[in-house]
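The block underneath contains the structure these notes are about, expressed in structure tokens.
The values are calculated or read from the model by the stated rules, or taken from the named source; none is laboratory data. Remember, predicted model here, so these are calculated numbers, not experimental data. Every residue, glycine among them, receives a Cβ derived from its backbone with ideal geometry; neighbour counts consider all protein chains shown.
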Amino acid sequence: MEKTYHFWITGCQMNYADARRVATELEKLGYRATPKLEEADVLVFQTCTVRQQSEDKAYNKIVNMKPLKKQRPDMTIAVMGCVVGVRGNKDLEHAFPFVDVFMEPSTDGQPLVSHLTQGDHQTFEKDFTAQRHAWQDGEIILPVHERGNLVSAPVSIVYGCSHACSFCIIPQKRGIERSRPVGEIASEVRSLVAQGVKEVVLLGQIVDRYGYDVADGPDLADLLRVINGIDGLKRIRFLTSHPNYMTDKILHAVADLPKVMPQIEIPIQAGDDDVLREMKRGYTVAEYRQLVQRVRDIVPHVAIHNDIIVGFPGETEAQFQKTHDLLADLEMDKIHLARYSPRPGTVSARRLDDDVPEEEKRRRFQAIEQLQAEISERKMRRWLGETLEVLVEEKHNGRWRSRTPQNKLVFFDDPRDLKGQLVQVRIEHTGAWSLSGTAVDKPQPVPQPASKSIPLSVI
């Protein structure tokens, strides 16, 4: 079903011009204008303060939208123009908590675009995480000759797993750990680079145990140094790590090697020691806290990703609250969240009753999801105004999709073919799941003939 927008506009001709710019951005997203305010998916109030009467009129109109927002919580309400002011207006945000977006005068509409696309970006990130998990399971690794059109490619470095968590079926399915020789891995990476790949993701069920099965053999840090030396390769990532095997040697390699990105995945799974013991994870919450601090001390500007399972057998409300409190305290960059479900053949399925009701699992899932959205939105604001180097992956909904060294999604418009290139982007808008901005060397647009006008409601 086609999504729609409606503008309520007061004030000078400049307000109409500003509204038209925002309407253009909505049209790019596939939204279409509707004359019916009450039916719109996006409702934008363009306000004026040149006279008190105009300001009062805008305030009253916005107040009257509260019942509609309550009736239709999925609709988006945005307020723009002089009532907001170029520096924002905290009093407005307090007075109208049901308004989703406030935009300053002469806005380009990107705060609204960012708000509307955050759900898509979150879904994309979840799909991307599922794809990476599939890579780890060996389900969709493509033959080398078929990977020539990828910007980022997975490379398995260790097969199987020799650390049997009670909830995991991988050791039975994939067998014990077998580390691939360094030369074999390097050869595959060189082949990928020759076909246009710019980034490799080194994979293992427990990637930081690479080399543990080879007496006096290389470890992950040694491998990273070899791969870092391959000409033409721009970026290196690795996942997923286990807290017990994340050594300072590995962390110093991440900090020292320019191609290794400052992104570390170290799942804790739960924030209670008794639950961790039942999971057979092999560490305590206190030890995990110490590791997180070491990671942050050694690797500047690092992004730490985490995995959490809610509703593990026997997990009480108090134990879950410890997980919630731990995450609130540590403020991770990203959490891969799952509700526990027994896997036939695992220790937990054989020995533990799946006794947390599904409804309660969903409640706990949503509580952490909401917490992480708040944390992520707050942490993403640190990048506002910064110029970041991004690796461009492909076009997404007409905009370039790219990633920072910390693996943050960045979207920007640019007429050039930038796929696979490193680009400097100035961040102008932030959201919980993505950033957006402008390439610092973006060409100036060539004037175009007047396009079809976009209808706007006139007050």
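The helices (runs of 4 or more DSSP H) found wholly in the stretch 153-252 and carrying at least 3 residues that are under 28 Å from GLU287 (Cβ atoms) and out of contact with any Gly (no Cβ under 9 Å at 6 or more places or on another chain) occupy 220-228. With respect to ARG237, determine if the residue is of a type in the set (Lys, Arg), closer than 30 Å to PRO313 by Cα and out of contact with any Pro (no Cβ under 9 Å at 6 or more places or on another chain). In short, no. In this entry, ASP414 passes the filter for residues that are acidic (Asp, Glu) and within 30 Å of ARG235 (Cβ to Cβ).
The number of residues in the stretch 270-304 that are free of Cβ contacts under 8 Å to residues at least 60 places away in the same chain, within 24 Å of VAL254 (Cβ to Cβ) and outside any loop (DSSP other than H, G, I, E, B) comes to 15. The residue list ILE264, ILE309, ILE298, ILE304 contains one member that is over 20 Å from LYS379 (Cα atoms) and of a type in the set (A, V, I, L, M), which is ILE309.
Condition check for ILE264 on (1) at pLDDT 95 or above; (2) buried (at least 22 other Cβ atoms within 10 Å of the Cβ); (3) part of a helix (DSSP H, G or I): one failure, at (3).
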